[in-house]
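Please treat every number below as a calculation from the coordinates, not as lab data. The shown structure was predicted, so the numbers you read here are calculated from the model rather than taken from an experiment. Counting neighbours? That spans all protein chains shown, and the Cβs are built from the backbone with ideal geometry, glycine included.
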Amino acid sequence: FRLNIEGLLVYFPYDYIYPEQYSYMLELKRTLDAKGHGVLEMPSGTGKTISLLSLIVAYQKAYPLEVTKLVYCSRTVPEIEKVVEELRKLMDYYAKQTGAKNDFLALALSSRKNLCIHPEILHANIVVYSYHYLLDPKIADLVSKELTKKSVVVFDEAHNIDNVCIDSMSVNITRRTLDRCQTNVETLQNTISRIKETDAAKLREEYRRLVEGLKEANVARETDMYLSNPVLPDEILQEAVPGSIRTAEHFVGFIKRFLEYLKARLRIHHVVQESAPQFLKDIYEKVCIDRKPLRFCAERLRSLLRTLEIADIADFSAITLISHFATLVSTYSKGFTIIIEPFEDRTPTIANPVLHFSCMDPSIAIKPVFGRFQSVIITSGTLSPLDIYPRILDFHPVTTASFTMTLARTCLCPLIVGRGNDQVAMTSKFETREDFAVIRNYGNLLLEMSAIVPDGIVAFFTSYIYMENIVASWYEQGILENIQRNKLIFIETQDAAETSMALEKYQEACENGRGAILLSVARGKVSEGIDFVHHFGRAVIMFGVPYVYTQSRILKARLEYLRDQFQIRENDFLTFDAMRHAAQCVGRAIRGKTDYGLMIFADKRYARADKRGKLPRWIQEHLTDGSLNLTIDETVQLAKHFLRQMAQPFRQEDQLGLSLLTLEQLQSEDMLQKIAQIAQQA
Amino acid sequence: MDEEPERAKRWEGGYERTWEVLKEDESGSLKATVEDILFQAKRKRVFEGHGQVRLGMMRHLFVIIDSSRSMEDQDLKPNRLTSTLKLMEFFVEEYFDQNPISQIGIITTKNKRAEKLTDLAGNPKKHLAALKKAVDSTCVGEPSLYNSLNVAMQTLKHMPAHTSKEILVIFSSLTTCDPANIYELIKTLNALKIRVSVIGLSAEVRVCTILTRETGGSYNVILDESHFKELLMLHVKPPPASSSSECSLIRMGFPQHVIASMSDQDAKPSFSMLHLDSTGEPGLTLGGYYCPQCRAKYTELPVECKVCGLTLVSAPHLARSFHHLFPLEAFQETPLEEYEGERYLLAWHVKKCSAWSVISSYMTHCTAVLAVCRLTGHPDVRWPDYKTSVYFSTRN
């Protein structure tokens, strides 16, 4: 139906609307009006996508000069497909309502197999693609640099956006990378000498162009044509490529020298950590490589590959990686750290040297995006606490709001289990995690739940190692055998094929009444990308608080940086990070208003205010004082009661007027007042 | 508390934490909302359920009782099995009361197997005896939904098409151990027009949801014992007959009850045919019902004649089944303020109806009448038990 949102006519392709969707659109419109950025948290399953699409499309139609393009970024291919599906519905509805032919061009870039041809983006009104197309400098330059300033950019499922930013700017170099790079260099050398014999003019032409400098690019950027690329900072554009790497042979020689230097650096026996300037100083002293040519490495290589007309760029990924590293390390003196480790922490006997060039500041990658586009919306089901994202991404939102789920019946039941029946505290705290009693209590909890929860249960552990230890211990104590009398057990492993097989069998067991338990790991594949609707996840158990592995040097460096640059204390960040992953895990079970599920936090530390307060509002508001620090027995009683209540017949009519509105209901004064309370300004 | 006098005692509910339940009630959250939805559904059933829908009059019902390990759970008192069997006894009596010309059979499932406790039969006595005996059986292993449905299906598929074929599963476990793909079986059940309903004792299980949805049955999960009874009683009333069910003529006998007085010298005590297979008391009686075809004697109706196979019923029996064919019209809901006139609706209706439809109309209307009373502000009025004194006095 048609909605009037503060004077804007919005076409909404469904007969009913959730009150929070209306509220969401209201906040969104205010953000667009202010031409600012927004952070919006709304639980999954409440129709976030369609609210976003219908409002922004309506906005584009109403003010075609203000907003010209919608760029919708999502994380995975299935998510992108979901967006496209909703978009199609909306467009059909538009066509039906207005009778006019659709003049909107929408474009989705999902996987490589249907990668589109570049210039089309210029004309599309809506572009749907993956984060990487905008954030990863290697790809962004190819795909996104011609997006106009008046675009609205939406990052959906953005609770991990800081990590995406960091990953896209970080480089890990192993011996294998260097070996492959070596082969690349040899191939390049051969191609160059061959071309030199057959088509020397081509190389000369390239040389001439490089002397001219990258002026064209500079002109384009100044005239606001391109999205700036963090790998190609502004200063470079002012200058011409330095003479030392201008000719193709010289450049290959240069790269070779750089490669040898890196190889030497990897031949170490102890951990080295240094900053970018230290690294540059060292490289100058050892092999006389200057900072300036290093900065041009990425651009120079690209030019060379173009000149040599090499079709399959994928083969040259190693050398491209190295050149990016060279450019980044010489460009940014802050926000990065270099850590060279001779072996992995977990396997100290096997030599496997790695050079981590690690980005510590997510704002570097996303800065051009915030700087360029007039409105950037960051949204997800779990973004709490809302104030931390603007801080770590370094931007100033005009709206930050968290929306709750209006419910006709309380379909989620968060419980914090703190003790076993023997009153021993349950926690994954480092000091007690090996404790026999804790492991046994965790086992008992799972055993009891397996007897009363129907169909599927998903259990999350804090790490693979922890899961392995616990499961082995359960096996010895015979707990596993008892659990298997109630349900089948499946385990997520680091092998993707194995995991997807386990997942398939798990779903089959849930479907045919056998019942199953999936043991998986927070931050793993299952916790991020897979939904457990209805019977696939009637309960989620979170064993312990999923703190990130704190002994990692990269993490330590990042924490230090956060403390110095953004005044965020280590503990605050770690807790925030752990809680957002815990919320992600338990949120897997509820994917809509007709769904229901138990959320069991099995660690007494969750009851503390600093943890609890960082859960999303829509979970927090159902967490009463009576559901904190329970024993296993109490949990079982509450869960049984909840499951029986939820099994009662529930039809759409029951939701109407409460959590599902028709147009008339929406327009009543009473309801509008209620809606105003849904959004909580952070 | 007044609204739920029959709910299990609070202190029997384990860690139910009564203070919180009460608090939730007032603030209108969880408990209240779910109960509200239930109440709305019940009202709807009462007021709209009386439309002109033809209900199946001859029913063949198999009740599958889960006897697996989970039936030992003590959340129903004294445990799930005993409580279920007790309610089942009540159900069997009510069932034959309301559906005198129908049949019932009982199947139990445990240890991955299914076992027929009683075959399809029209006499409540045998079922009641079997149910009483089953109390002592042990609950072990897992149930098998597939096997028990299969056992029921093997019998039901031979039943004539004009009867209503039903299976009611009392399912306590959350899992089922099946030898083959149950979804294939569901398809077969659907093709045979066998309706499967499930009453769950613990929580909603996916496979039951699908099973009932595909076969057109109902799926409910109990909240407590009184709710369990209520759900079970819903199955006393026959389900709507499917439009495709055939119609056919059935021969029936209406034997006269011959009462021989002790003073009559010619009267000789004789055996009832029913006692032929029961090894219990000899049962020599004076009077009885005599089959109009072969003159075999029975002490109770309804029954299928052992000698000639004629279905023997009494007129009131048939009448009680007959009202399923022609349901009465629904009552109009009128607020008390607008209502002027007699408040004794029940008396009025009984007066208006003709001689033998009194029994049937009383039976259907009495629920509705009491519902009206409920609306007039007497929440204590309970849903009636169908067995009432009025009924018995008219019967004999």
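Axis of helix A:464-477 versus longest Cα principal axis of chain A: the two differ by about 40°, to the nearest ten degrees. If R0 is taken as 60 Å, the Cβ-Cβ distance between residue A:198 and residue A:429 corresponds to a FRET efficiency of 0.30.
State which entries of B:112/B:229; A:48/A:82; B:86/B:133; A:281/A:367; B:112/B:133; B:116/B:297 exceed 18 angstrom in Cα-Cα distance in the structure shown.
Checking Cα-Cα distances, B:112/B:229; A:281/A:367; B:112/B:133; B:116/B:297 exceed 18 Å.
Principal-axis analysis of the Cα atoms of chain A puts helix A:276-287 at an angle of about 30° to the longest axis.
Report summary: the helix-based calculation at 222 nm, which adds -39500 (n - 2.57) for every DSSP H run with n ≥ 4 and divides by the residues of chain A, gives -15000 deg cm²/dmol.
At most 15 other Cβ atoms within 10 Å plus a DSSP loop assignment makes a site exposed; report the longest stretch of chain A without any exposed GluC sites (Glu not before Pro).
A:435-620
So what is the relative contact order for segment A:533-591, in percent, with contacts set as C-alpha pairs under 8 Å and at least six apart? That works out to 59 percent. Here residue A:34 and residue A:343 are evaluated by their C-beta separation; at R0 = 45 Å the FRET efficiency comes out at 0.30.
Across segment B:53-236, C-alpha contacts under 8 Å between residues 6 or more apart give a mean separation that, scaled by the residue count, equals a relative contact order of 24 percent.
Can you pull out the trypsin sites (Lys or Arg not before Pro) in segment A:258-330 that DSSP calls coil and that have at most 15 other Cβ atoms within 10 Å? Here the sparse-neighbourhood loop sites are A:267. In chain A, taking the dipole from charged Cβ atoms about the Cα centre, the farthest positive-side position among A:449, A:374, A:647 is held by A:374. Extension gain, residue A:485 to residue A:551, is 19.9 nm, computed as 0.36 nm per intervening residue step minus the present C-alpha separation.
With neighbour counts taken as other beta-carbon atoms within 10 Å, the residues B:314, B:148 rank, fewest first, as B:314, B:148. Here the contact order of chain A, divided by its residue count and restricted to Cα pairs under 8 Å and six or more residues apart, works out to 18 percent. The GluC sites (Glu not before Pro) of segment B:155-261 that DSSP puts in a loop, and whose beta carbon has at most 13 other beta carbons within 10 Å, are B:246. The calculated FRET efficiency for the pair residue A:572 and residue A:370, based on their C-beta separation and a Förster distance of 35 Å, comes to about 0.95.
Antiparallel beta bridges, as assigned by DSSP with both residues in segment A:412-650, represent about 5 percent of the total such bridges.
Measuring how big segment A:412-650 is from its alpha-carbon positions, Rg and Dmax come out at 17.3, 55 Å.
With each label modelled as a point 7 angstrom along the Cα→C-beta vector, the residue A:351-residue B:115 pair spans 7.1 nm.
Pairing the Cα long axis of helix A:669-678 with the longest principal axis of chain A, what angle in degrees results, from 0 to 90 and rounded to the nearest 10? The angle comes out at about 60 degrees. Taking 0.36 nm per residue of sequence separation and removing the Cα-Cα distance, the residue A:560/residue A:500 pair yields an extension gain of 17.9 nm.
About the centre of its Cα atoms, chain A shows a dipole size close to 880 debye [charges on the beta carbon of Lys, Arg (+1) and Asp, Glu (-1) only; nearest 20 debye].
Taking label positions 7 Å along the Cα-Cβ direction at both residue A:334 and residue A:15, the computed distance is 5.9 nm, reported to one decimal.
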